[in-house]
Amino acid sequence: MTTLISRNSFRWWAAVLVAGMVAMVQPTQAQRPRAKMDKKVESISKKGGNARTRVIVRTTASDRPTLKNAWSRQGHKIRREHRVLSALTMEIPARSIDALSRAPGVLSISIDAPVRPKQTTELTWTSGTLLQQTLGVDPASGSTGAGVGVAVIDSGIAPLPDFDTRITAFYDFTTTGNNKTPPFDDYGHGTHVAGLIGGTGAASGGLYTGVAPGVSLIGLKVLTGSGSGYTSDVIEAIEFATINKGALGIDIINLSLGHPPFESATTDPLVLAVQNASAAGIVVIASAGNYGINPSTGTIGYGGILVPGNAPSAITVGAGNTMLTADRSDDLVMAYSSRGPSWYDGYAKPDVVAPGHRLIAPAAPDSTLVAKYPNLLVPDETGALTYLRLSGTSMATAVTSGTVALLIETSRAAFPTARPELTPNTVKAMLQFTAFTMHDENLAPYNRLTQGSGGLNADGALTLARAIDTSVPAGEWWLAWAVSPYSDISGVLLTWAQNLIWGENLIWGDSVYTHRSSFASNVVWGDNIVWGENVVWGENLIWGDNVVWGDNLIWGDNIVWGENVVWGDNLIWGENVVWGEDYDDDNVVWGENVLAQ
């Protein structure tokens, strides 16, 4: 039996569901004696033993040196000291975790979780030229992202002709310290990401051009040749980029990687590192994750946003399929693209969806991806196999980073006199406001937890960049001239979404045309649950035997839906364990199948 409910009733029930979810996944300190630990660390601590575990320990700034010295003298290895975050990455026996949690100044203990890139392997492709057309970028406009710096925190960047001399700095964080080295990429993911952001397409005669082929690239290597890395290395790279923002010319951080959430975003050290970078004025763009569908059943799941895509200040990107056309009206959200809400906190994510399916970019020579997937190699204009085709939210994130580079360059050129830079909040608002509503195969609009504000529209964002004068005082109209809220891309007129997912509300109307105080600073975007009367969870709440929230939630503990009950640390989806204790360092387990990375 299906029952439709009114908007007021919907809002009431949505509030009840959200409150229930948050209550269940965030037990009180009385319920959790190890309240300072994330779920993974708590589980390891309960088991005890001498097996050594890598953990990230947040501390008060004043107590950090004492804690570091005391535990180092006891023979525990201190792998990293994160001064901006005020944290230590340590390697300690499981039996010592409980004592560490009681040490003076310890605020929280998180697992130093393995991070992985978010690409999949597809056998069909589209060209960079079509990608630019699809975004509404006119190559003849002269916009290339010149003067804008993007830090690619990934597996590295190979020094290829498509990057000419624009890899302006390169540091390796996979070894002890932060080693400045010549650029390289032994896995291949970072090179592909960098190519989508800013490759020139030189080896392909311009066919496989990135979105912003004039951008400067700062390579910060955190993934090894196997494609694996540690959260602590990513944090170190983010802190390095934050501290050296001016010296290295970093405007954007691209994070096409992540791990499952084990705690609230309010205590997660990787999220907090992203928040610090945003507060410093860096636009952080993160992948939503590729965990939107159970590959063994084809079931769409909700709540699969990865860390750090759950960071409120990040621009979190889902993956869309251009259907090999420049016409945006036929774009689809890929089933694998992770949907919101963010686990533990209930943030509405992703923020936008960008082309991320079947994209070609440079292949890093002698890299793992090239050796493992020779069938994905694509010839350049000489016939040599120097390009690679990949899909995923990693690719969509890179496309968004390139778009933001164009946006920043355009804004600077439109108002060249001394004035404030666009803040990360303003950039996110511009992308969301100008996005277009995406529809599924049945022409029904996707819900907000699938598409965010909608499909990325570079034409619209650049239109706003040319019109917004940030020197206008907060509270006043800051458009230098009127703009029309639509874009003509390849002869198809697309109406802008004209909404922002901000704080507790979905804001409609001309909200971005005024210099709001929330744009003027880099305050956290949405400290609270991010929905209001206009956010649609699925099309309706469906009653009968169950309440269907979207379709399914992907992970958590103690959530009940359908005929399946989730107990303890594991999510039982049907009869298969998906997340929790059974999370594997290298793969996500869906029943008996492994989702390709």
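Observations, loosely collected:
- Counted residue by residue at 0.36 nm each, then reduced by the alpha carbon distance between them, the extension gain from ALA371 to SER471 reaches 30.9 nm.
- Fully extended contour minus Cα-Cα distance, from LEU107 to ARG73, at 0.36 nm per residue: 10.1 nm
- Order of HIS82, HIS192 under a 10 Å beta carbon neighbour criterion, fewest first: HIS82, HIS192
- In this simple spin-label model, placing a label point 7 Å from the Cα along the Cα-to-Cβ direction at both ALA51 and ALA35 gives a separation of 2.9 nm.
- The C-alpha atoms of the range 39-112 occupy a region whose extents along the principal axes are 31, 25, 19 Å, arranged from largest to smallest.
- The range 146-186 and the range 412-432 have Cα centres spaced 26 Å apart.
- Within the range 188-203: backbone nitrogen closer than 18 Å to the THR382 label point (7 Å, Cα to C-beta): 200-203
- Relative exposure of LEU88, LEU385, judged by other C-beta atoms within 10 Å (fewest first): LEU385, LEU88
- Sorted by Cβ density within 10 Å, fewest first, the residues THR417, THR437: THR417, THR437
- Long pairs among LYS47/LYS221; LYS47/LYS77; LYS68/LYS349; LYS36/LYS245, criterion Cα-Cα beyond 26 Å: LYS47/LYS221; LYS68/LYS349; LYS36/LYS245
We did not get these values from a lab; they are worked out from the coordinates using the rules stated. Computed from a predicted model, the values in this text were never measured in an experiment. No Cβ is skipped: glycine too gets one built from the backbone with ideal geometry, and neighbour counts run over all protein chains shown.
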